[in-house]
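J.: Below: one structure in structure tokens.
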Amino acid sequence: MSKLDPYELDVLQAYESGKLKSTATKAELQKMRAAARATAIKDKRVNIRLSAVDLMDIQAKALEEGMPYQTLISSVLHKYVTGKLSESQAKHAGSSQRPTPRST
């Protein structure tokens with residue numbers, strides 16, 4: 001496991017000592033549970049081809065987020081198709097990335 005910074009240690013200690021309390025309502029918790037169940041159902045397999053550079057960038061981003069790269073890809077696609085990720089958000093989030101190659 002990676003080293004925790006001071007803030008993360010404070011959060012962990014607060015959690016372990018029982019000082020953290022949920023502020024979510026019952027309705028919010030039900031909604032989150034339903035979303036988690038729907039997201040967790042993965043009954044289809046898809047194969048796609050990506051450029052080596054894109055795959056390396058995805059793997060690096062997944063590592064930063066602390067998740068497997070397949071989970072990151074699935075999450076981004078899920079957010080896009082459910083309208084929680086729009087094209088303008090994706091462009092803004094990727095503005096510091098390399099430019100898209102153009103064909104001549």
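The values are calculated or read from the model by the stated rules, or taken from the named source; none is laboratory data. These numbers were taken from a predicted model, which means no experiment stands behind them. Backbone-built Cβ (ideal geometry, glycine too); neighbour counts: all protein chains shown. These area figures cover heavy atoms from the full protein model, side chains too; ligands, DNA and RNA do not enter into them. Shrake-Rupley method; radii C 1.70, N 1.55, O 1.52, S 1.80 Å.
J.: Just give me the residues in the range 16-47 being part of a loop (DSSP other than H, G, I, E, B), farther than 26 Å from L4 by Cβ and of a type in the set (S, T, N, Q), in sequence order. Steps first, answer last, please.
T.: Filtering the range 16-47 for residues part of a loop (DSSP other than H, G, I, E, B) gives 17-25, 41-47.
Checking the rest, the ones that are also farther than 26 Å from L4 by Cβ come to 25, 41-47.
Within the range 16-47, T25, N47 meet the criteria.
J.: Working only within the range 53-84, note down all residues that are part of a helix (DSSP H, G or I) and of a type in the set (S, T, N, Q). Even if it seems obvious, please write down each step before you answer.
T.: In the first step, residues of the range 53-84 are kept if they are part of a helix (DSSP H, G or I); the result is 53-65, 69-81.
Across the range 53-84, the qualifying residues are Q59, Q70, T71, S74, S75.
J.: Confirm whether L50 is free of Cβ contacts under 8 Å to residues at least 24 places away in the same chain, surrounded by 10 or more Cβ atoms within 10 Å (Cβ to Cβ), in a helix (DSSP H, G or I) and on the phi < 0 side of the Ramachandran plot.
T.: Against the criterion (free of Cβ contacts under 8 Å to residues at least 24 places away in the same chain, surrounded by 10 or more Cβ atoms within 10 Å (Cβ to Cβ), in a helix (DSSP H, G or I) and on the phi < 0 side of the Ramachandran plot), L50 does not qualify.
J.: Determine whether the range 16-23 contains at least one residue that is of a type in the set (A, V, I, L, M, F, W, C), at pLDDT 90 or above and surrounded by 10 or more Cβ atoms within 10 Å (Cβ to Cβ).
T.: Taking every residue of the range 16-23 in turn, none turns out to be of a type in the set (A, V, I, L, M, F, W, C), at pLDDT 90 or above and surrounded by 10 or more Cβ atoms within 10 Å (Cβ to Cβ).
J.: Name the residue, out of L72, L63, that is open to solvent by less than 80 Å² (accessible area, probe 1.4 Å), at pLDDT 85 or above and not small (G, A, S).
T.: Every option except L72 fails the conditions.
J.: In the range 76-87, which residue that is open to solvent by less than 80 Å² (accessible area, probe 1.4 Å) and free of Cβ contacts under 8 Å to residues at least 12 places away in the same chain is farthest from A40 (Cα to Cα)?
T.: Looking at the filtered set, the residue picked out is S86.
J.: With the structure loaded, tell me whether L12 is without any contact (Cβ under 8 Å) to a residue 24 or more places away in the chain and open to solvent by less than 70 Å² (accessible area, probe 1.4 Å) or whether it fails that test.
T.: Answer is yes for this residue.
J.: List every residue pair whose Cβ atoms lie under 8 Å apart, where the two residues are 6 or more positions apart in sequence or sit on different chains, the first residue falls within the range 26-47 and is more than 14 Å from H78 (Cβ to Cβ), and the second residue, located anywhere, is among the polar types (S, T, N, Q).
T.: Within 8 Å, the pairs are L29/S22.
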